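First comes the structure, then the notes that go with it.
The values are calculated or read from the model by the stated rules, or taken from the named source; none is laboratory data. Keep in mind the model is a prediction, meaning the values are calculated, not measured. So basically every Cβ, Gly included, is an ideal-geometry build from the backbone, and we count neighbours across all protein chains shown. For the accessible areas, the whole protein counts, side chains as well, though only heavy atoms, and no ligand, DNA or RNA atoms are used. Shrake-Rupley method; radii C 1.70, N 1.55, O 1.52, S 1.80 Å.
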Amino acid sequence: MEITSQSIGELHELLVTKRISAVELAQTMLQRIKHIDPEVQAFLQVTEDVALGRAAQVDEKIARGEEIGALEGIPMALKDNLCTEGIRTTCSSKMLENFVPPYSATAVEKLKSAGAILLGKLNMDEFAMGSSTENSGFFATHNPWDLERVPGGSSGGSAAAVAAEEAVYTLGSDTGGSIRQPSSFCGVVGLKPTYGAVSRYGLIAYASSLDQIGPITKTVEDNARVLREIVGHDHRDSTSVPFEIPNYAEFLNKDIKGLRIGVPKEYFAKGLDEGVKTVLHEALATLEGLGAIVEECSLPHTEYAMPAYYLIATAEASSNLARYDGVRYGYRAENTEDVLSLFKKTRSEAFGSEVKARIMLGTYALSAGYYDAYYLKAQKVRTLIQNDFNQAFDRFDVLLSPTAPTTAFKIGEKSGDPLTMYLSDVCTVPINLAGIPSLSLPAGFVDGMPVGMQLMGRPFAEGTLYRVAHAFEQNTDFHTRKPSLIKGGAR
Ligand code: GLN
């Protein structure tokens, strides 16, 4: 098997037995990026010197006979809304085109201490607003399975880089589906942890009551390994929750006999592609075959999740993005007359149209006279949605649905129609409103394009999601298929 196809565990084995050095491994990945990224365009920036420098340190450690950790020497990459000290962090926006953070995000710092090798920063929708990565202020990323299609978004670069084997794993962020939907479109495993499980210190804020950072990987086991390194309480993020960190690996290789899986009927409603529906039904049959008890259930307020999400997310975004004013961060317009024209010109010139639309929507929803009718009402809907999930989890261990109603669409197909674009998150946004963990994993293919299934669990029950996902993965071969773009790969 090619080096770039290997899992974290396999690469760790190669490193400790000295069959490959960390520098050789980093060089192999950098070569792959040079070779393939002109087509995929997942990377905004490749940090070759950082990668080789850190890899050399890992090699010295191995040479001294010291033990290395599970992620030590393993090459990875980061969504470009995660602050990296001394390394440009753009959020795919002209606003932050030249922003070099003076500090790193906690999740990034944790991975660095774990010996991760940073290959670079990845493309995304500007300020994480979008579902296709076409809203990037710089360029669109292409789906490795079909270069004419989108990789999903907003963590499109993060999912495409893993699918194209340009990084062993990546981090993304998920406000309404931005880890899971691109993972589904690119045929990889993506987890949105419980709200509060991973510190968001140093994650450039989009909608603070919804944002979470999570891992995107080739396999379920890899995902569990990365999650373990990034979770945990952080006093620098007041929304992070103190909890005992489980050893997620203990949930792997367990059977799922008698485990109760609820299938919310609202997620199989109109708008769901027939091919995707068939894949999901086959997946459910596989899980039943493994001994799980599968039953239909209802989350009755699902249809209100979308409008509530787009009010809450835009309201929070309008407040979070107020800080980009040409004074403190990033871009500053020239030839302005006074402070108001500085604000106006800076924001007009540097924000893209989707970001502007959302700021306007959010500001409107928060304005005097409209607050009760929109924002407050949306918050009440949010409580109803949380109650739906609480009730379902009285009966079920996990819930299962498609991650997205379709497979990856063509580049340009939806960019002129925001509403149909928003609908690609119809299955993922309720989860962020509820704050629960959710994982997307490869469940099959329709016309050569990957289909993801979404598992949802109780707060902090990531381990249960891994247990079900791993059982499914070990009994199917979808995760072993590769895009034909990858040399030697077969569909
Ligand atoms: N597509 C959704 C949005 O645009 C979700 C984005 C995200 O999760 N960051 O808001």
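Results, tabulated for the structure shown:
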| read-out | value |
| --- | --- |
| Neighbour-limited loop hits for GluC sites (Glu not before Pro), segment 208-277 (at most 11 other Cβ within 10 Å; DSSP other than H, G, I, E, B) | Glu244 |
| Sulfur and carbon atoms: percent of accessible area, segment 373-461 [1.4 Å] | 55 |
| Residue-normalised accessible area of the chain, expressed per residue, 1.4 Å probe, Å² | 38 |
| Derived scalar couplings ³J(HN,Hα) [segment 337-353; Karplus, 6.51 cos²θ - 1.76 cosθ + 1.60; whole Hz; x for Gly, Pro] | 8, 8, 5, 5, 5, 5, 4, 5, 5, 4, 5, 5, 7, 9, 8, x, 5 |
| The chain: relative contact order as a whole-number percent, Cα under 8 Å and 6+ apart | 17 |
| Heavy-atom SASA rank of Lys414, Lys18, Lys277 (probe 1.4 Å, accessible area, largest first) | Lys18, Lys277, Lys414 |
| Under Karplus coefficients 6.51, -1.76 and 1.60, residue-wise ³J(HN,Hα) of segment 226-240 in Hz, glycine/proline x | 5, 4, 4, 6, 9, 6, x, 5, 9, 5, 7, 10, 5, 8, 7 |
| Long-range HN-HN contacts of Arg149 with modeled amide H, under 5 Å | Asn143, Ile411 |
| Check: the chain dipole with +1 on Lys, Arg Cβ and -1 on Asp, Glu Cβ, in debye | 440 |
| Share, in percent, of DSSP beta bridges within the chain that are antiparallel, nearest 5 | 70 |
| Over the chain: helical MRE at 222 nm, DSSP H runs n ≥ 4 each giving -39500 (n - 2.57), nearest 500 | -11500 deg cm²/dmol |
| When each of Lys192/Lys270; Lys61/Lys254; Lys356/Lys410; Lys112/Lys414 is checked by Cα-Cα distance, pairs over 31 Å | Lys61/Lys254; Lys112/Lys414 |
| Radius of gyration and maximum dimension Dmax of the chain, Cα, Å | 21.4, 70 |
| Radius of gyration and Dmax over the Cα atoms of segment 24-66, both given in Å | 12.8, 40 |
| Rounded percent of accessible protein surface that carbon and sulfur make up, segment 1-122, 1.4 Å probe | 48 |
| Neighbour-limited loop hits for GluC sites (Glu not before Pro), segment 116-217 (at most 15 other Cβ within 10 Å; DSSP other than H, G, I, E, B) | Glu148 |
| Protein accessible area in segment 206-345, 1.4 Å probe - carbon and sulfur % | 50 |
| Charge-dipole axis of the chain as Lys and Arg at +1 and Asp and Glu at -1 on Cβ define it, positive-most pick from His281, Val468, Tyr304 | Tyr304 |
